[in-house]
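Contents: one structure, followed by commentary.
The values are calculated or read from the model by the stated rules, or taken from the named source; none is laboratory data. Bear in mind the structure is a predicted one, so any value in this text is a computation, not a measurement. Please note: Cβ atoms are built from the backbone with ideal geometry, for glycine as well, and neighbour counts cover all protein chains shown.
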Amino acid sequence: MEWLIAMRALMGVGAALVMPATLAVLVAVFPEKERPRAFAVWSAVASVGMAAGPLLGGALVDVWSWAGVFLINVPVVTVALVGIVRLVPETRAGDGRGLDLLGTVLVTAGMTGLVWALIEAPAYGYTSPAVLGGALVAVVALVAFGVRQTRSAVPMVDLRLYRDRRFSGASFAVAVMTVATGSTLFILSQYLQLVLGYSAFETGLAAIPLAAGVVAGSTVGGRAPARFGPQACIVAGFAVTAAGFAVLASLSEGSGYVAVSAGLALAGVGSGVAGPSATSTVLGAVPPERAGMGSALNDTHQQLGIALGVAGLGSLLATAYRGDLPDGLPDHAVSSLGATLSYAKDHAGGSALAESARSAFTDAQSLTMTIGVAAALAGAAVAFFALPGRAARSAAPEPEAEEAGQPG
């Protein structure tokens, strides 16, 4: 298990190097007016991959083994490397800045401590020494990281970028939004398999409506900003996503695939409409020579939201689930729905316990999806109040905003 975790961490490092660079290349290649369409295509392609991944992964697990989920990436990466070498232009920055190694260590320690504390809180207790220790490490490391960035000659993050309301507003809106969207499939996969009884392959099919919604929404999201402005697109997109989470919050033990698909499709459409405008707003507020940093921060905001969503909403799910289970069950039987169902198979009254467990999980899931509704609406509110409307964008920028967008 330790080896698997280490290799997954290494894969995360690789993804962290690749994803920001893809957006930086788009910023360098496409003029500002064309970027929403470019980002829409980028989002649509990523969504197709998101749908194909669980689907293919479920099929590989059913017909081969879990190892196939990783081995299938080897030929895919090989083809991608050849395409990158032949097709992607070089967009190296001219300032030749070095790496802030201390800042990297501090932010990694801080985020690791925070995510660990959130994940382990249901098992250890929210006020246990271990959880409080992890939270303390997170606070100290992240505060030290902030101080380091203001004093370093080569900061990992130029904090002056956040003075621009376009950058900070769109970034915060996206981060809040991904808190909910990042954990959706993680939670629903358990619901589909352990509550509704679908196979791994059938569960993988659930990603298709979400991806199809993103692709459909991206066709609108790539064109609409030119007519309505980014602010309106982000607000409308987040509102549609909130409607999708409302559908998912209403799921019950008797709900079928149609209700799940409808909720995911709406969430996907909303993300597709809002995504290109949000990305274009964030990167449009960054000077060209900082395109790499801006792209990395845009990706970091999303990944931070996803990590906190999986950890935080997963912790909330586990806490609510345990609270609804019958009293007297051993600790190992309440750690997850799967553990409870396994325990129920070997004990008297297992059928009633299994039914209670599925009901408890569904109720806990509804709670987390309701948080998703609130997160989407919060993101819409931030975009509405923090980002300039279309009329404001057509006016000349204020000197303060221009100065904030030009970090030295």
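For this structure, a couple of remarks:
- Test for LEU118: is it under 30 Å from GLY254 (Cβ atoms) and aliphatic (A, V, I, L, M): no
- Test: LEU341 is touching a residue at least 12 places away in the same chain (Cβ under 8 Å), out of contact with any Phe, Trp or Tyr (no Cβ under 6 Å at 6 or more places or on another chain) and assigned to a helix (DSSP H, G or I): yes
- Test: residue in the stretch 300-309 that is more than 30 Å from LYS33 (Cα to Cα) and of a type in the set (A, V, I, L, M): yes
- Tally of residues being closer than 16 Å to LEU316 by Cα and among the aliphatic types (A, V, I, L, M) across the stretch 178-209: 5
- Selected residue (only one of VAL286, VAL240 is among the β-branched types (Val, Ile, Thr), modelled with pLDDT of 90 or more and assigned by TED's automatic domain parsing to the domain that holds THR178): VAL240
- Which numbered condition GLY134 fails, given (1) more than 20 Å from THR300 (Cα to Cα); (2) in contact with a Pro (Cβ under 6 Å, 6 or more places away or on another chain): (2)
- Here GLY133 fits the description: over 14 Å from SER315 (Cβ atoms), outside the structural domain of ALA378 (by TED's automatic domain parsing) and either over 24 Å from the mean Cα position of the chain (by Cα) or touching a residue at least 60 places away in the same chain (Cβ under 8 Å) (or both).
- Every residue from the stretch 32-88 that is small (Gly, Ala, Ser) and farther than 24 Å from GLN193 by Cα: ALA38, ALA40, SER43, ALA44, ALA46, ALA80, GLY83
- Some residue of the stretch 67-85 being surrounded by fewer than 16 Cβ atoms within 10 Å (Cβ to Cβ), within 29 Å of THR279 (Cα to Cα) and in contact (Cβ under 8 Å) with a residue 60 or more places away in the chain: no
- Condition broken by SER277, with the remaining ones in (1) out of contact with any Cys (no Cβ under 9 Å at 6 or more places or on another chain); (2) assigned to a helix (DSSP H, G or I); (3) surrounded by 20 or more Cβ atoms within 10 Å (Cβ to Cβ) satisfied: (1)
- From the list VAL154, VAL143, the one residue that fits, being more than 30 Å from ASP331 (Cβ to Cβ), of a type in the set (A, V, I, L, M), more than 17 Å from the chain's Cα centre (by Cα) and at pLDDT 85 or above, is VAL143.
- Whether a residue is out of contact with any strand residue (DSSP E or B) (no Cβ under 8 Å at 6 or more places or on another chain), assigned to a helix (DSSP H, G or I) and surrounded by fewer than 22 Cβ atoms within 10 Å (Cβ to Cβ) was assessed, and LEU194 passes this test.
- Candidate set from the stretch 330-354 (those that are among the polar types (S, T, N, Q) and over 16 Å from THR319 (Cβ atoms)); member that is surrounded by the fewest Cβ atoms within 10 Å (Cβ to Cβ): SER351
- In the stretch 111-130, of all residues being without any contact (Cβ under 8 Å) to a residue 60 or more places away in the chain and surrounded by 19 or more Cβ atoms within 10 Å (Cβ to Cβ), the one that is farthest from SER335 (Cα to Cα) corresponds to GLY113.
- Here VAL107 passes the criteria (1) surrounded by fewer than 13 Cβ atoms within 10 Å (Cβ to Cβ); (2) β-branched (Val, Ile, Thr); (3) touching a helix residue (DSSP H, G or I) at 6+ places or on another chain (Cβ under 6 Å) except the one numbered (1).
- Exactly one residue among SER171, SER183, SER261, SER199 is crowded, with 24+ Cβ neighbours inside 10 Å, within 29 Å of LEU60 (Cα to Cα), among the small types (Gly, Ala, Ser) and assigned by TED's automatic domain parsing to the domain that holds ARG290, and that residue is SER183.
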